[in-house]
Amino acid sequence: MPTAACRRGEDRRAPEESSALRILHWILFVALAGALAPAAGCRRSPPFSGDWRELRHGERGGRGGFVDGSGHWAIEPRFVEYGEFSEGLVWAGEKGTAYGFIDKTGAWAIRPRFRHATEFSEGVAAVEDRSGRWGYIRPDGSWAIEPRFGSAEPFHEGRAAAENGDGSRGPWGYIDASGAWVIPPRYRHSPGFLYGRSHFERGVAMVDMGDGSSHELIDRDGRVLKRLRSTWLRRGDGLLLARVGYSKECGQVGGDVSVYLDERGESAFDGRFCGAREFSDGLAAVWRDGKYGFIDKSGGWAIPPRYEMVGNFSEGLANVKPDARRRCWQYVDKAGRVVIPCVGDGRAEKFERGLAAIDVDSPNGFLAAGAKWGWIDRSGRLVAVFTRAESFRW
């Protein structure tokens, strides 16, 4: 039996309800969701026929599937591991021993036969065959680039990082769409390659040199634009965030001091920051005097420090806590105005494609057995409840 939260676009709350009555309705909804739909939202029949970009993760009984924006199961949970939809397909595995790709109906577009797989990007996906070599396949499962690499990453801007060794040893270089080396394999194995942070973006790749303290910024032909000394370097929204030292003043947030750079490695604006995050949706969270606020790309305060806990901005909203002792979260806009006053039971995620994952009820922890997660829309309305839900980029 579908719950009210599963009916697309329906909000049954009367305009004249009091705050107390709304809270009571929230509690009753969570209780009913646990009784009526402990596994997930609602079933969908016939098979999902909408846009694959609408699909997002949901879980039931330790198995994963996909739900649409109204909380209906688009693909029933049956996977032990699965990725994110990209270019109409997503890698998945039902047993954890072989991986293939499904389409938006849950049908196998490419039968499971790979040891590992990544998302499709620029028309191909990097996969590991049964011999342990990596190559790239097309959406029909045929080989675009025969498997001959020790490891391989998705394509970005016509380049893909690939390993010319036996896996996790290096060296790494970059190939083009034909599989030819355009930047010879000259880089040692490093966390930057291991975790996919050395891809091209806006014509520049950020290469972790593998010595724990230096990076190179290179162009698409491998020319070095800048060498940087930093133990930690990340990028977001067109700017780099580099760790440059330690300060006791930053001790409450780990002690690290960071600066922001442009993508050529030059200073983006003056200032050294504690507890700094990468830019996202035009703003970045930084810490000062015991509180977090958000700066813009000039380095000025867009929202002065007044929060004890913060997430990142996405789709114009960020999850924040003025008081860390409160379990629920607020969502604020870029002017700091509260849009959603109090949701979640300890954990909340950023908005992706109009919905955000929140921890609805977790007395023993948000990842404990029995913890309930759900999706909310931009009004804060709970769309569906799951055993656990994941944000688009967990």
Of the GluC sites (Glu not before Pro) in segment 238-283, which ones lie in a loop per DSSP and count no more than 12 other C-beta atoms within 10 Å?
-> E266
Can you tell me how much longer the chain between L194 and R229 gets when fully stretched, taken as 0.36 nm per residue apart minus their C-alpha distance, in nm with one decimal?
-> 10.6 nm
Would you mind classifying segment 45-165 by shape? Square roots of the alpha carbon gyration tensor eigenvalues, ordered a ≥ b ≥ c; an a/c under 1.5 is rounded, otherwise it is prolate if a/b is larger than b/c and oblate if not.
-> prolate
On a C-alpha basis, how far is the centre of segment 336-363 from the centre of segment 196-219 in Å? Whole number, if you could?
-> 34
Just grab the label-to-label distance for R169 and D51, each label 7 Å out from Cα along the Cβ direction, in nm (one decimal).
-> 4.7
With θ set to phi - 60° and the Karplus curve 6.51 cos²θ - 1.76 cosθ + 1.60, what are the ³J(HN,Hα) couplings of segment 255-269 in order, to the nearest whole Hz, using x for Gly and Pro?
-> x, 6, 10, 10, 10, 9, 10, 7, 6, 9, x, 8, 4, 7, 6
How much net charge surrounds A117 when only other residues with a Cβ under 13 Å from its Cβ are counted (Lys, Arg +1; Asp, Glu -1)?
-> -2
For every other residue with a beta carbon closer than 10 angstrom to the beta carbon of C250, add +1 if it is Lys or Arg and -1 if Asp or Glu, then tell me the sum.
-> +1
Give me the distance between the Cα centres of segment 95-109 and segment 225-292, rounded to whole Å.
-> 40
Computed log₁₀ I(q)/I(0) - Debye formula, equal Cα scatterers, no solvent, segment 129-189, q 0.20, 0.22, 0.24 Å⁻¹ = -0.69, -0.83, -0.97
Enumerate the calculated ³J(HN,Hα) couplings along segment 220-228 in order (Karplus 6.51 cos²θ - 1.76 cosθ + 1.60, θ = phi - 60°), each rounded to whole Hz, writing x wherever the residue is Gly or Pro.
-> 5, 9, x, 6, 7, 8, 6, 9, 10
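Bear in mind these aren't lab numbers, they're just calculated from the coordinates by the rules spelled out. Everything numeric in this text was worked out from a predicted model, so none of it was measured. Counting neighbours? That spans all protein chains shown, and the Cβs are built from the backbone with ideal geometry, glycine included.
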